[in-house]
1. Report the Stokes-Einstein translational diffusion coefficient (µm² s⁻¹, integer) for segment 467-550, Rh taken as the Kirkwood radius over Cα pairs, at 37 °C with viscosity 0.692 mPa s.
2. Report, please, the projected area of segment 427-507 averaged over directions, based on the convex hull of its C-alpha atoms, in nm².
3. If you wrap segment 405-457's Cα atoms in a convex hull and average its projection over all directions, what's the area in nm²?
4. What ranking, highest mean first, results for peptides 533-542, 236-245 when packing means the other Cβ atoms within 10 Å averaged over each residue?
5. Give, rounded to the nearest 20 debye, the magnitude of the charge dipole that segment 115-166 has about its Cα centre when Lys and Arg contribute +1 at Cβ and Asp and Glu contribute -1 at Cβ.
6. Would you please put 113-122, 14-23 in order of how densely packed they are, using the mean number of other Cβ atoms within 10 angstrom per residue and starting with the highest?
7. How many nm is it between the label spots at T89 and W193, if each spot is 7 Å from the Cα in line with the beta carbon?
8. In percent, how large is the relative contact order of segment 474-549, given Cα pairs closer than 8 Å and 6 or more residues apart?
Amino acid sequence: MVLAKDTDQLWWRSAIGYQIYPRSFQDSNHDGIGDLKGITSRFPYLKWLGVDFIWLNPIYTSPNIDNGYDIADFQNVASEYGTLDDLKTLINSAHQQNIRVIMDLVVNHTSNQHFWFQEAQTSRDNPYHDFYIWQPNHNDQAPNNWTNFTGDSVWTYNQATDEWYFHLFAPEQPDLNWENQSVQTEIIKIITWWSEQNIDGFRLDALSHLKKMPFDTLQSTDDYQFEIFANNPGIEVFLSLLHQTFQSLHLMTIGEAGGVHADTAKFWTGSQGFIDMIFELEHQVRQTQVPPRANRNHLLTRLTAWENTLNTDGWLGLYLENHDQPRSITVYGNDNPLAAKSLATLLLSLRGTPFIYQGEELGMTNMLFTTPDQIDDPPTYHDYQRFLAAGISTDVALKQATSWSRDNARTPMQWTNFGFSDNELNSKNTWMVTNPNTTFLNYQKNRQDPKSVLNYYHKLIHLRRKDEVLKSGRFQSYDIGHPDILIFTRYLLPDKRLILINLASTPQSISIPHSILSENWHTIISTIEPTPEISPTMQLQPFQSIIWYN
């Protein structure tokens, strides 16, 4: 079955997405690694939950230096996940459930194991040499002193050609040369081929980095030092080319675009933009290292700023968790299930397309790592070793290194007492350690408990699916001067929805604006019952969030 791509090109505006990290979602063959057949087996659950599309993290052939974002073959599936036929079966099964499928796509760089780079590094005369970015070697010095996001040089020496190649990320991820029309042609061929496999769109990784600044440009040493790598003048030429391709193939696109802020995002995703929607990367700011706590006021103010800026033109991809972030219930709510419900209310009531990350709907928490052997993420292990070298004790170094680690989001999905395995023996042999709290925090127990986080998500998702105001209404916020509370309306006049989000962990007293008091409001859903009456002064319980209609 193929869902029509040309009948509803704006289907994503009223959709709810679900992000799947394939390695950790469902293991079907008991090798300890999640796979495509495992994902396919869970479509009845996703259909029940109420999501409209899934986003698959990279499943391409890859040496996994960067968890699949280092692609060695754009048109094949990594063997640990299955086969291309398994993927075709997954797509067909999803479409039979009216669930669309989007995939990650990296067009900024490849793996150094990709055929193109294997050829490119052999000779300056090789036809693939100019697929990548090279600078001549002078006095055995890197072409400039630019450093990347990990503080390492963006240059690696290649002895065979006596040149340096550019890599914004790891040395094993050389950047493609988008100034070369042959690169553009090959990427368009890849996109077209995937469209022929009936996928519905792409999440575009590192999209804002395609255009490089002249290499004699100075890199600053302040908080804006990485701006030199993002959204540079001339990138619109490449983005326009991609946009024309995506549009002609009726593929939905969402971009990860570092360095693109709210004021410039409308040029990326508005009516004249290049992509359908954009992920903002600004809402999470650390407040404490151990335990991991994020600034709740910053979360609310940044989301409000983006909502206001894209209110009339442009579209936001909404998320609180993903494969690179620790669990939101931990960083914003101290693992309190009521906090998970309040965060769900926020995610599913803002203007934009919500993305739920696997396990978020269960209230999955950060992992308490007990040994360094449980670490999978290389930067996390590097931090651990650095802390040890600084004389910090083993236990403290492990806590500090893993507190904000992205490993927290990558532990196996907690379907049963054993995580994504069928029994206790298999649960001990997974690619990554399973959070021990799966014995009491899992899908089976959540589904049976009418007051669980999962069942609250289920109610909220189905509310949003049938409510046009929550799907497409405008956004208006109200400033009540409280750092942990957000009040806003969504409206398609004459209909309005009033939303109150309380992320405070203690009881709160707030004053309600007069303009809200002048209307009659009726409760739709609340994280805590009974719901208080709307009055000039309201008393709120910890993590109490409510949606009303007029």
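None of the figures in this text is laboratory data; all of them are computed from the coordinates on show. Here the structure is a predicted model, which is why all the values come from computation and not from measurement. Positions of Cβ are backbone-derived with ideal geometry, glycine not excepted, and every protein chain shown enters the neighbour counts.
1. Working: Rh = 13.0 Å.
Here the translational diffusion coefficient equals 252 µm²/s.
2. The orientation-averaged projected area of the Cα hull of segment 427-507 comes to 8.9 nm².
3. About 3.9 nm², averaged over all directions.
4. Descending packing order for the listed peptides: 236-245, 533-542.
5. Values: 1 positive and 7 negative charges, 18 e Å.
Charge dipole of segment 115-166: 80 debye, to the nearest 20.
6. Most protected by this proxy first, the peptides run 14-23, 113-122.
7. Taking the two extended label points, one gets 2.3 nm.
8. This gives 32 percent for segment 474-549.
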